[in-house]
Amino acid sequence: MRVGLFGGSFNPAHEGHTHVAETALIRLRLDKVIWLVSPQNPLKPRHETAGIDARLAGARRWARGSRMVVSNAESRIGSRYTIDTLRLLKRRYPGVKFVWIMGADSLASFHRWRGWTQIMQSVPVAVVSRPWAALKARTSPAAKRFRHARHGSRQAPILPQLKAPAWVYLRGPFNFASSTAMRERQRWRGER
């Protein structure tokens, strides 16, 4: 089985998340994409993060089709960090070919994640283009450090079979939806 793991705060979830998940599902020929809704992103302020139930509900609205699964696995297992989640899932499901999925905006700050080099060495990674993030992503510490492991987008269908470190950058039409912009609009309107 070929499974994409799409982790994030989804604070709030939006059509840009759907775009990233569907792009990976199709281009990598995955069997499923699991949206891993983080209990709390360690790099983001707790007071700016909606509750887990609201974020799960939002992700369920945007995860379309039977091949998209929304999960609170990190809350259930008590994991705060992606590297810990990956280690557990790989141990528990040794026959599954996992791929980590992220938008290019996440690759730009990936070097701030705990265990980011271990993540790259643990599973193949698919990076989906996002507006205004291409240059920052391509020049990020992670892209530079693992430039030797980057594969062309034509190799995307075989990415799940490749031994990590291996990653692809998937270009395509942009989706301009942004959780940050949505939160800013809510603050401007006085909503929460």
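Coordinate-derived values only; no laboratory data. No experiment lies behind these values; they were computed from the predicted model shown. Cβ coordinates were reconstructed from backbone atoms using ideal geometry, including for glycine residues, and neighbour counts include every protein chain displayed.
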Checklist outcome for this item: Per-residue Cβ contact counts at 10 Å, fewest first, order PHE10, PHE146 as PHE146, PHE10
Checklist entry - Which whole-number percent of Cα pairs in region 2-189 have a distance greater than 31 Å? => result 9
Item to check | Those chymotrypsin sites (Phe, Trp or Tyr not before Pro) in region 89-142 that DSSP places in a loop and that have at most 13 other beta carbons within 10 Å | outcome: TRP132
Checklist outcome for this item: Within the chain, pairs of Lys residues whose Cα atoms are less than 24 angstrom apart, provided they are eight or more positions apart or on distinct chains, add up to 8
Checklist entry - Once amide H atoms are placed 1.01 Å from N in the peptide plane, what residues at a sequence separation of 5 or more from GLY172, or on another chain, have their amide H within under 5 Å of its amide H? => result SER129
Checklist entry - So how do ARG91, ARG138 line up by other beta-carbon neighbours within 10 Å, fewest first? => result ARG91, ARG138
Checklist entry - So how far apart, in nm, are the two label points at ALA57 and LEU135 if each is 7 Å from Cα heading toward Cβ? => result 4.1
Item to check | LYS32 long-range amide H proximity, modeled H, under 5 Å | outcome: ARG2, GLY4
